[in-house]
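Quick one: structure below, then a few questions.
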Amino acid sequence: MIQQTNTHFKESPFNLDNENAYQTWRARKLENYPSDLSKLVVEINDLQQLTRAEHEAILACCRVANMAIFSSTIKKDKSIFRELGKQLGLTQLDNNMCADDDSITSLTVAQEGMRQTYIPYTNRPIHWHTDGYYNSLDKQIYALLLYCVHPAQQGGENALLDHEIAYILLRDKNPDYVHAFMQPYAMCIPPNVIEGEEIRPTRCGPVFSIDSNGNLHTRYTKRTRSITWAFDEITQAAVKCFENILESDSAYIFRGTLQAGQGLLSNNVLHNRSGFTDSELPNQQRLLYRARYYKRIANT
(Lines give C-alpha, C1' and ligand atoms only; values in the text may rest on other atoms or scores of the structure.)
Protein backbone atom coordinates (compact mmCIF):
# COMPACT_ATOMS: atom_id res chain seq x y z
CA MET A 1 0.00 0.00 0.00
CA ILE A 2 1.23 3.47 -0.84
CA GLN A 3 2.04 5.59 2.17
CA GLN A 4 2.85 9.23 1.70
CA THR A 5 3.59 9.72 5.40
CA ASN A 6 5.50 7.06 7.32
CA THR A 7 8.37 6.64 9.74
CA HIS A 8 10.90 6.60 6.89
CA PHE A 9 9.80 9.80 5.23
CA LYS A 10 11.42 12.42 7.47
CA GLU A 11 14.91 11.08 6.76
CA SER A 12 14.09 10.04 3.21
CA PRO A 13 15.99 11.47 0.23
CA PHE A 14 12.56 11.74 -1.42
CA ASN A 15 11.45 14.22 1.23
CA LEU A 16 11.68 17.58 -0.48
CA ASP A 17 12.51 19.21 2.85
CA ASN A 18 15.62 17.05 3.28
CA GLU A 19 18.03 18.37 0.67
CA ASN A 20 21.11 16.89 2.35
CA ALA A 21 19.68 13.37 2.27
CA TYR A 22 18.69 13.84 -1.37
CA GLN A 23 22.13 15.05 -2.46
CA THR A 24 23.84 12.19 -0.62
CA TRP A 25 21.51 9.61 -2.15
CA ARG A 26 21.74 11.24 -5.60
CA ALA A 27 25.54 11.11 -5.63
CA ARG A 28 25.53 7.46 -4.57
CA LYS A 29 22.86 6.58 -7.13
CA LEU A 30 24.68 8.18 -10.06
CA GLU A 31 28.16 7.00 -9.11
CA ASN A 32 29.17 4.21 -11.49
CA TYR A 33 25.61 3.93 -12.85
CA PRO A 34 25.54 1.39 -15.74
CA SER A 35 26.44 2.93 -19.07
CA ASP A 36 24.22 0.63 -21.13
CA LEU A 37 21.88 -2.35 -20.93
CA SER A 38 24.67 -4.89 -21.49
CA LYS A 39 25.94 -4.11 -17.98
CA LEU A 40 22.68 -5.48 -16.57
CA VAL A 41 22.67 -8.89 -18.29
CA VAL A 42 22.87 -12.00 -16.10
CA GLU A 43 23.36 -15.46 -17.61
CA ILE A 44 21.26 -18.12 -15.88
CA ASN A 45 21.74 -21.86 -16.26
CA ASP A 46 18.51 -23.11 -14.64
CA LEU A 47 15.60 -20.72 -14.09
CA GLN A 48 14.12 -23.06 -11.47
CA GLN A 49 17.28 -23.20 -9.39
CA LEU A 50 19.39 -20.06 -9.32
CA THR A 51 22.93 -20.47 -8.09
CA ARG A 52 24.05 -18.17 -5.33
CA ALA A 53 26.20 -16.24 -7.81
CA GLU A 54 23.30 -15.84 -10.26
CA HIS A 55 20.97 -14.71 -7.50
CA GLU A 56 23.46 -12.17 -6.20
CA ALA A 57 24.16 -10.88 -9.72
CA ILE A 58 20.44 -10.24 -10.29
CA LEU A 59 20.11 -8.45 -6.97
CA ALA A 60 23.22 -6.36 -7.64
CA CYS A 61 21.76 -5.10 -10.91
CA CYS A 62 18.38 -4.36 -9.35
CA ARG A 63 19.94 -2.53 -6.42
CA VAL A 64 21.80 -0.26 -8.82
CA ALA A 65 19.24 0.22 -11.60
CA ASN A 66 16.01 -1.40 -10.39
CA MET A 67 16.23 -3.89 -13.27
CA ALA A 68 18.15 -6.83 -14.67
CA ILE A 69 18.09 -8.68 -17.99
CA PHE A 70 18.43 -12.43 -17.63
CA SER A 71 19.34 -14.87 -20.36
CA SER A 72 18.73 -18.61 -20.35
CA THR A 73 17.57 -21.46 -22.55
CA ILE A 74 14.10 -21.07 -24.07
CA LYS A 75 11.32 -22.37 -21.83
CA LYS A 76 7.62 -22.45 -22.69
CA ASP A 77 6.41 -23.88 -19.37
CA LYS A 78 5.04 -20.97 -17.33
CA SER A 79 5.47 -22.89 -14.07
CA ILE A 80 9.23 -22.45 -14.51
CA PHE A 81 8.68 -18.75 -14.90
CA ARG A 82 6.65 -18.69 -11.67
CA GLU A 83 9.42 -20.53 -9.82
CA LEU A 84 11.96 -17.93 -10.89
CA GLY A 85 9.83 -15.22 -9.31
CA LYS A 86 9.51 -17.15 -6.05
CA GLN A 87 13.29 -17.31 -5.70
CA LEU A 88 13.33 -13.52 -5.71
CA GLY A 89 10.56 -13.16 -3.13
CA LEU A 90 7.89 -12.54 -5.78
CA THR A 91 4.77 -14.47 -4.85
CA GLN A 92 1.85 -12.03 -4.74
CA LEU A 93 0.71 -12.06 -8.37
CA ASP A 94 -1.68 -9.47 -9.74
CA ASN A 95 -4.53 -11.36 -11.41
CA ASN A 96 -5.45 -8.59 -13.85
CA MET A 97 -8.44 -8.74 -16.16
CA CYS A 98 -6.62 -10.13 -19.20
CA ALA A 99 -4.28 -12.48 -17.35
CA ASP A 100 -4.38 -16.21 -17.99
CA ASP A 101 -5.95 -18.54 -15.43
CA ASP A 102 -2.62 -18.82 -13.59
CA SER A 103 -2.40 -14.99 -13.24
CA ILE A 104 0.51 -14.88 -15.70
CA THR A 105 -0.32 -13.09 -18.94
CA SER A 106 0.55 -14.36 -22.41
CA LEU A 107 1.38 -11.24 -24.41
CA THR A 108 0.69 -11.99 -28.05
CA VAL A 109 -1.44 -10.41 -30.77
CA ALA A 110 -5.08 -11.28 -30.07
CA GLN A 111 -7.27 -12.08 -33.07
CA GLU A 112 -10.56 -12.03 -31.21
CA GLY A 113 -12.19 -11.47 -27.85
CA MET A 114 -11.79 -8.71 -25.26
CA ARG A 115 -7.98 -8.69 -25.42
CA GLN A 116 -7.85 -7.31 -28.94
CA THR A 117 -9.32 -4.02 -27.68
CA TYR A 118 -6.23 -3.38 -25.53
CA ILE A 119 -2.96 -2.18 -27.09
CA PRO A 120 -0.61 -4.71 -25.36
CA TYR A 121 -2.40 -7.44 -27.35
CA THR A 122 -1.85 -5.68 -30.68
CA ASN A 123 1.29 -4.92 -32.68
CA ARG A 124 0.91 -1.17 -32.17
CA PRO A 125 3.47 0.85 -30.17
CA ILE A 126 2.85 1.38 -26.45
CA HIS A 127 3.64 4.74 -24.84
CA TRP A 128 5.83 5.14 -21.76
CA HIS A 129 4.19 3.75 -18.62
CA THR A 130 4.61 1.71 -15.49
CA ASP A 131 2.48 -1.40 -15.20
CA GLY A 132 -0.78 -1.26 -13.26
CA TYR A 133 -1.04 2.53 -13.14
CA TYR A 134 -4.84 2.05 -13.18
CA ASN A 135 -4.82 -0.28 -10.16
CA SER A 136 -6.20 0.80 -6.81
CA LEU A 137 -3.59 2.23 -4.43
CA ASP A 138 -3.69 -0.87 -2.23
CA LYS A 139 -2.85 -3.10 -5.21
CA GLN A 140 0.00 -1.24 -6.85
CA ILE A 141 2.47 -3.12 -9.02
CA TYR A 142 5.92 -2.99 -7.44
CA ALA A 143 7.68 -5.62 -9.55
CA LEU A 144 7.42 -6.81 -13.12
CA LEU A 145 8.76 -9.98 -14.74
CA LEU A 146 8.82 -10.41 -18.52
CA TYR A 147 10.06 -13.45 -20.42
CA CYS A 148 10.39 -13.81 -24.19
CA VAL A 149 9.42 -17.12 -25.79
CA HIS A 150 9.37 -15.73 -29.36
CA PRO A 151 10.39 -12.21 -30.41
CA ALA A 152 8.60 -10.42 -33.23
CA GLN A 153 9.94 -10.85 -36.72
CA GLN A 154 10.82 -7.15 -36.67
CA GLY A 155 10.46 -4.45 -34.01
CA GLY A 156 9.07 -4.78 -30.51
CA GLU A 157 11.95 -2.85 -28.93
CA ASN A 158 11.64 -1.70 -25.34
CA ALA A 159 12.98 1.54 -23.90
CA LEU A 160 13.65 1.35 -20.16
CA LEU A 161 14.21 4.09 -17.59
CA ASP A 162 14.87 3.49 -13.91
CA HIS A 163 12.14 5.45 -12.11
CA GLU A 164 14.67 6.67 -9.53
CA ILE A 165 16.70 8.22 -12.34
CA ALA A 166 13.51 9.79 -13.74
CA TYR A 167 12.87 11.26 -10.28
CA ILE A 168 16.37 12.75 -10.21
CA LEU A 169 16.04 14.25 -13.68
CA LEU A 170 12.72 15.85 -12.79
CA ARG A 171 13.75 17.07 -9.33
CA ASP A 172 16.91 18.60 -10.75
CA LYS A 173 14.75 20.56 -13.20
CA ASN A 174 12.38 21.83 -10.53
CA PRO A 175 11.57 20.33 -7.09
CA ASP A 176 8.10 21.85 -7.38
CA TYR A 177 7.41 19.40 -10.21
CA VAL A 178 8.10 16.50 -7.86
CA HIS A 179 5.87 18.05 -5.22
CA ALA A 180 3.05 18.28 -7.76
CA PHE A 181 3.57 14.66 -8.78
CA MET A 182 3.29 13.53 -5.14
CA GLN A 183 -0.22 14.91 -4.69
CA PRO A 184 -3.06 12.38 -4.22
CA TYR A 185 -5.00 13.56 -7.29
CA ALA A 186 -2.07 14.28 -9.59
CA MET A 187 -3.10 11.63 -12.12
CA CYS A 188 -6.57 10.12 -12.53
CA ILE A 189 -7.61 7.32 -14.87
CA PRO A 190 -11.32 7.48 -15.76
CA PRO A 191 -13.47 4.36 -15.34
CA ASN A 192 -13.22 1.48 -17.78
CA VAL A 193 -16.70 1.01 -19.21
CA ILE A 194 -17.48 -1.82 -21.64
CA GLU A 195 -20.92 -1.99 -23.24
CA GLY A 196 -22.38 0.16 -20.49
CA GLU A 197 -20.87 -1.88 -17.65
CA GLU A 198 -18.24 -0.32 -15.38
CA ILE A 199 -15.36 -2.81 -15.28
CA ARG A 200 -13.13 -0.53 -13.21
CA PRO A 201 -13.92 2.74 -11.38
CA THR A 202 -11.97 5.98 -11.65
CA ARG A 203 -8.53 5.58 -10.09
CA CYS A 204 -6.59 8.59 -8.81
CA GLY A 205 -3.24 8.82 -7.13
CA PRO A 206 0.23 10.36 -7.14
CA VAL A 207 2.93 9.71 -9.71
CA PHE A 208 5.67 9.52 -7.08
CA SER A 209 5.06 7.99 -3.67
CA ILE A 210 7.01 6.28 -0.91
CA ASP A 211 6.19 2.72 0.16
CA SER A 212 6.18 1.49 3.74
CA ASN A 213 9.88 0.56 3.49
CA GLY A 214 10.95 3.96 2.22
CA ASN A 215 11.31 2.97 -1.45
CA LEU A 216 10.28 5.27 -4.28
CA HIS A 217 7.30 4.02 -6.27
CA THR A 218 6.07 5.42 -9.58
CA ARG A 219 2.71 5.13 -11.36
CA TYR A 220 2.64 6.83 -14.73
CA THR A 221 1.30 6.65 -18.26
CA LYS A 222 1.98 8.91 -21.23
CA ARG A 223 -1.38 8.04 -22.74
CA THR A 224 -3.20 11.08 -24.08
CA ARG A 225 -6.75 9.73 -23.92
CA SER A 226 -8.61 8.39 -20.89
CA ILE A 227 -6.41 10.28 -18.44
CA THR A 228 -6.95 13.39 -16.33
CA TRP A 229 -4.07 15.36 -14.86
CA ALA A 230 -4.51 17.91 -12.09
CA PHE A 231 -5.19 21.14 -13.92
CA ASP A 232 -3.03 23.52 -11.89
CA GLU A 233 -0.19 25.25 -13.70
CA ILE A 234 2.68 23.51 -11.90
CA THR A 235 1.30 20.00 -12.51
CA GLN A 236 0.76 20.75 -16.19
CA ALA A 237 4.35 22.02 -16.43
CA ALA A 238 5.59 18.91 -14.61
CA VAL A 239 3.75 16.66 -17.07
CA LYS A 240 5.36 18.43 -20.03
CA CYS A 241 8.81 18.31 -18.45
CA PHE A 242 8.48 14.60 -17.67
CA GLU A 243 7.38 13.88 -21.24
CA ASN A 244 10.41 15.78 -22.54
CA ILE A 245 12.69 13.66 -20.34
CA LEU A 246 11.14 10.44 -21.62
CA GLU A 247 11.39 11.50 -25.25
CA SER A 248 14.97 12.74 -24.91
CA ASP A 249 18.17 10.99 -25.96
CA SER A 250 19.27 10.66 -22.33
CA ALA A 251 22.07 8.17 -21.77
CA TYR A 252 20.04 6.81 -18.86
CA ILE A 253 17.36 5.47 -21.22
CA PHE A 254 18.29 1.94 -22.22
CA ARG A 255 16.93 0.32 -25.37
CA GLY A 256 16.82 -3.31 -26.40
CA THR A 257 14.68 -6.11 -27.77
CA LEU A 258 14.26 -9.26 -25.72
CA GLN A 259 15.25 -12.36 -27.65
CA ALA A 260 14.00 -15.91 -27.10
CA GLY A 261 15.10 -17.08 -23.65
CA GLN A 262 15.72 -13.56 -22.34
CA GLY A 263 13.68 -11.74 -19.73
CA LEU A 264 13.38 -8.54 -17.74
CA LEU A 265 13.19 -8.41 -13.97
CA SER A 266 12.40 -4.98 -12.56
CA ASN A 267 10.89 -2.99 -9.75
CA ASN A 268 8.35 -1.76 -12.30
CA VAL A 269 10.60 0.74 -14.06
CA LEU A 270 9.27 3.07 -16.73
CA HIS A 271 9.13 1.40 -20.13
CA ASN A 272 7.60 1.51 -23.59
CA ARG A 273 7.41 -0.77 -26.64
CA SER A 274 7.79 0.00 -30.31
CA GLY A 275 5.38 -1.38 -32.90
CA PHE A 276 6.31 -4.66 -34.53
CA THR A 277 5.76 -6.97 -37.47
CA ASP A 278 4.90 -10.55 -36.65
CA SER A 279 5.90 -13.74 -38.41
CA GLU A 280 3.25 -15.27 -40.66
CA LEU A 281 3.94 -18.65 -39.04
CA PRO A 282 1.54 -19.15 -36.07
CA ASN A 283 4.12 -20.90 -33.89
CA GLN A 284 6.70 -18.16 -34.49
CA GLN A 285 4.61 -15.12 -33.58
CA ARG A 286 5.68 -12.81 -30.79
CA LEU A 287 4.98 -14.30 -27.35
CA LEU A 288 6.08 -12.91 -24.01
CA TYR A 289 4.98 -14.00 -20.55
CA ARG A 290 4.29 -11.22 -18.06
CA ALA A 291 3.89 -11.43 -14.32
CA ARG A 292 3.02 -8.47 -12.10
CA TYR A 293 3.60 -8.48 -8.35
CA TYR A 294 2.40 -6.52 -5.33
CA LYS A 295 5.89 -6.57 -3.74
CA ARG A 296 9.30 -5.40 -4.87
CA ILE A 297 12.07 -7.86 -5.67
CA ALA A 298 13.27 -9.01 -2.25
CA ASN A 299 16.42 -7.41 -0.83
CA THR A 300 16.58 -4.64 -3.40
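The values are calculated or read from the model by the stated rules, or taken from the named source; none is laboratory data. All values derive from a computational prediction rather than experimental measurement. Neighbour counts run over all protein chains shown; Cβ positions are idealised from the backbone, glycine included. Side chains are part of the model used for accessible areas, which takes the heavy atoms of the whole protein and leaves out ligands, DNA and RNA. Shrake-Rupley method; radii C 1.70, N 1.55, O 1.52, S 1.80 Å.
As I understand it, the dipole of the chain uses +1 on the Cβ of Lys and Arg and -1 on the Cβ of Asp and Glu, about the Cα centre. Which of Thr105, Ser79, Leu137 lies farthest toward its positive end?
Of the options given, the answer is Ser79.
Share of the chain's accessible area from carbon and sulfur, percent, 1.4 Å?
Carbon plus sulfur share of accessible area: 47 percent.
If you count, for each residue, the other Cβ atoms within 10 Å and average over each peptide, how do 176-182, 186-192, 244-250 line up from highest to lowest?
Put in order of decreasing packing, that is 176-182, 186-192, 244-250.
Taking the simple approach of a point 7 Å from Cα along Cα-to-Cβ for both Asp138 and Asn18, what is their distance in nm?
2.7
What value, in deg cm²/dmol to 500, does the helix sum -39500 (n - 2.57) over DSSP H runs of n ≥ 4 give at 222 nm once divided by the residues of the chain?
-7000 deg cm²/dmol
Moving on. Please report the spacing between the Cα centers of region 207-238 and region 148-195 in Å, no decimals.
Measuring centre to centre over Cα atoms gives 8 Å.
Beyond 16 Å, what share of the Cα-Cα pairs of region 217-291 remains, rounded to the nearest whole percent?
Percent of Cα pairs beyond 16 Å in region 217-291: 67.
Counting Lys and Arg as +1 and Asp and Glu as -1, each charge on the Cβ, what is the dipole of region 111-212 about the Cα centre in debye, to the nearest 20?
The calculation lands at about 100 debye.
What is the magnitude of the charge dipole of the chain about its Cα centre, with +1 placed on the Cβ of each Lys and Arg, -1 on the Cβ of each Asp and Glu, and no other charges, expressed in debye to the nearest 20?
It comes to approximately 160 debye.
How many nm separate the modelled label positions at His55 and Val41, each set 7 Å beyond the Cα in the direction of the Cβ?
2.5
A follow-up question, please. Using the beta-carbon distance between Thr122 and Ala159 and R0 = 22 Å, what value does 1/(1 + (r/R0)^6) give for FRET efficiency, to the nearest 0.05?
Once rounded, the FRET efficiency stands at 0.75.
Using R₀ = 41 Å, calculate the FRET efficiency as 1/(1 + (r/R₀)^6) where r is the Cβ-Cβ separation of Gln87 and Gln111; round to 0.05.
0.75
A follow-up question, please. Over the chain, average the accessible area per residue using a 1.4 Å probe and give it in Å², no decimals.
48
For Arg223 and Ser250 in one chain, what is 0.36 nm times their gap in residues minus the Cα-Cα distance, to one decimal in nm?
Result for the pair: 7.6 nm of gain on full extension.
Next question. Show log10 I(q)/I(0) for the chain at q = 0.10, 0.11, 0.16 Å⁻¹, two decimals, from a solvent-free Debye sum over equal Cα scatterers.
-0.54, -0.66, -1.47
Right, something else. Defining a contact as two alpha carbons under 8 Å apart and six or more residues distant in sequence, what relative contact order in percent does region 148-300 show?
Relative contact order, region 148-300: 43 percent.
Dipole of the chain (Lys/Arg Cβ +1, Asp/Glu Cβ -1, origin at the Cα centre): which of Gln48, Val207, Leu90 lies farthest to the positive side?
Result: Gln48, furthest along the dipole toward the positive end.
Right, here's the next one. When all protein chains stay in place, what accessible area (Å², nearest 10, 1.4 Å probe) is found for Glu197?
Answer for Glu197: close to 110 Å² accessible.
Another question, then. Please list, ordered by chain and number, the residues whose modelled amide H lies under 5 Å from the amide H of Lys75; skip anything fewer than 5 residues away on the same chain.
Gly261
Grab every C-alpha pair in region 159-300, bin the distances at 10 angstrom width from 0 up to the longest one, and report whole percents.
9, 33, 34, 19, 4, 0
So how exposed is Glu43, as accessible area in Å² (1.4 Å probe, rounded to 10)?
So the heavy atoms of Glu43 present about 120 Å² to solvent.
Turning to a different aspect of this structure: Using mean Cβ contacts within 10 Å as the protection proxy, how do 214-223, 199-208 order, highest first?
Result, highest mean Cβ count within 10 Å first: 214-223, 199-208.
Considering the dipole of the chain built from charges on the beta carbon (Lys and Arg +1, Asp and Glu -1) around the Cα centre, which of Thr218, Thr235, Tyr147 is farthest to its positive end?
Tyr147
In debye to the nearest 20, how big a dipole does region 149-268 give about its Cα centre with +1 on each Lys and Arg Cβ and -1 on each Asp and Glu Cβ?
In debye, rounded to 20, region 149-268 gives about 100.
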